[in-house]
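The values are calculated or read from the model by the stated rules, or taken from the named source; none is laboratory data. The structure displayed is predicted, hence computed values, not measured ones. Cβ placement follows ideal geometry from the backbone for every residue including glycine, while neighbour counts extend to all protein chains displayed. The accessibility values were calculated without ligands, DNA or RNA, using every heavy atom of the protein model including side chains. Shrake-Rupley method; radii C 1.70, N 1.55, O 1.52, S 1.80 Å.
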Amino acid sequence: MNRMPSSEKGRRKIRRDWLSPFLRSIAWAAAGITAFVFFSLVGYILIRGIPNLRPELFAWEYTSENLSMTPAIVNTVLMTVLALLVSAPLGIFSAIYLVEYAKRGSRLVKAVRLTSETLSGIPSIVYGLFGYLFFLVRLKWDYSLLAGAMTLAIMILPLIMRTTEEAMIAVPDGFREGSFALGAGRLRTIFRIVLPSAVPGILAGIILAVGRIVGETAALIYTAGTVAKLPTSLFSSVRTLSVHMYVLSSEGLHVDQAYATAAVLLIVVVGINALSAYLARRVMRAKGGA
């Protein structure tokens with residue numbers, strides 16, 4: 001039996017002893033830089049934005065005098081709901097098929113995963129150009145709430161599908177086998193055992209998608225337009241909160257109001273993340289209690 005010389009063992013131990021603190025320092029430095037950038041960005045936006053919040057910015061109707069962001073907030077909520085109504089069911093049921101019904105390791109599964117990962121990395125402005133050419137030029141919807149929502153639904157669909165798929169893959173096969181052993185069918189097992197166990201991961205994907213919708217600008221400029229009014233129908237041109245901030249800042253005449261809008265947008269995004277963490281803890285606590 002070959003044994004490693006003691007000198008070689010000593011060199012490897014020295015190398016490990018030297019490498020471990022070095023890697024630890026790099027990790028701490030990266031974490032510190034990330035935290036510094038985050039708190040600096042948040043602090044700067046809040047310091048510049050909160051003092052500029054005025055009651056007229058929350059008027060029900062937008063005018064050139066009050067520059068109200070209330071229509072933009074309502075439009076953002078409507079855009080988010082419409083996009084999720086389309087993308088969430090499609091993404092979840094697609095993940096169910098890939099994990100529970102399709103043969104593992106098949107070419108179809110590999111092709112879908114490759115396609116979804118590729119789509120996740122495409123810049124949002126490309127989705128905006130696609131939405132403009134397909135929904136506005138081809139289908140002649142014009143700049144509208146519906147065109148923007150459909151474009152965003154296509155954009156976030158890969159994210160929801162991949163996060164749901166990973167959450168379902170993480171559910172142990174023993175859960176499924178136990179359910180089958182008790183006489184439950186595949187469909188009952190999926191909806192009573194697998195999906196409840198994967199809820200935290202699915203919820204995390206949906207919340208990430210909501211955050212991306214709320215902060216999206218490029219895709220909506222080409223599809224939803226920039227009209228700062230409440231929509232009268234699905235085919236009305238609208239302006240979301242991020243587009244509202246972009247328009248105010250690009251004009252260069254209402255920078256203070258743009259910072260106020262940015263502060264509201266930041267609070268909304270942080271609130272969404274906090275809500276997601278709270279709901280995930282509630283779900284996990286409920287599962288533990290059950």
**Study point:** Efficiency of FRET between V255 and F134 - r from beta-carbon atoms, R0 35 angstrom, step 0.05
**Key:** 0.50
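May I ask for the Rg/Rh ratio of the stretch 70-114, computed from Cα atoms with Rh as the Kirkwood radius, given to two decimals?
Details: Rg = 15.9 Å, Rh = 12.5 Å.
Reported Rg/Rh, Kirkwood definition of Rh: 1.28.
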Review point. Using the heavy atoms of the protein chains alone and a 1.4 angstrom probe, what is the accessible area of the stretch 187-262 per residue in square angstrom?
Key: 42
Point to revise | Cα pair distances in the chain, grouped into 10 Å bins until the bin that holds the longest one, percent each | key: 6, 21, 25, 22, 15, 8, 3, 1, 0
Practice item. Taking chymotrypsin sites (Phe, Trp or Tyr not before Pro) as candidate sites, keep only those in a DSSP loop with at most 13 other Cβ atoms within 10 Å, then name the longest stretch of the chain containing none of them. Key: 61-234
**Study point:** Debye, to nearest 20: dipole size of the chain, +1 on Lys, Arg Cβ, -1 on Asp, Glu Cβ
**Key:** 1780
Practice item. Taking the convex hull of the Cα atoms, report for the stretch 23-121 its projected area averaged over all directions, in nm². Key: 11.6
Practice item. Return P(r) of the stretch 141-210 (all Cα-Cα pairs; 5 Å bins starting at 0; whole %; ordered from short to long distances). Key: 3, 17, 20, 15, 13, 11, 8, 6, 4, 2, 1
**Study point:** Three-way shape call for the stretch 173-247 based on the alpha-carbon gyration tensor, with the a/c threshold at 1.5
**Key:** prolate
Exercise for review: With an 8 Å cut-off on Cα pairs and a minimum separation of 6 or more residues, tell me the relative contact order of the chain in percent.
Suggested key: 25
Point to revise | Simple spin-label estimate for F191 and I26 in nanometres, 7 Å along Cα-Cβ | key: 5.0
Exercise for review: Within the stretch 163-272, report the trypsin sites (Lys or Arg not before Pro) that DSSP leaves as loop and that have at most 16 other Cβ atoms within 10 Å.
Suggested key: K229
Review point. For the chain, which span is the longest to avoid every loop-located (per DSSP) member of GluC sites (Glu not before Pro) having at most 14 other Cβ atoms inside 10 Å?
Key: 66-290
Point to revise | Accessible-area composition of the chain, carbon plus sulfur, in percent [1.4 Å probe] | key: 68
Study note, to complete from the structure: Any DSSP H helix in the chain with Cα axial reach of 24 Å or more and mean Kyte-Doolittle score of at least -0.5? Listed by number, the hits are 6-49, 70-96, 145-169, 195-214, 255-289
Point to revise | Surface per residue (accessible, 1.4 Å probe) for the stretch 26-177, Å² | key: 57
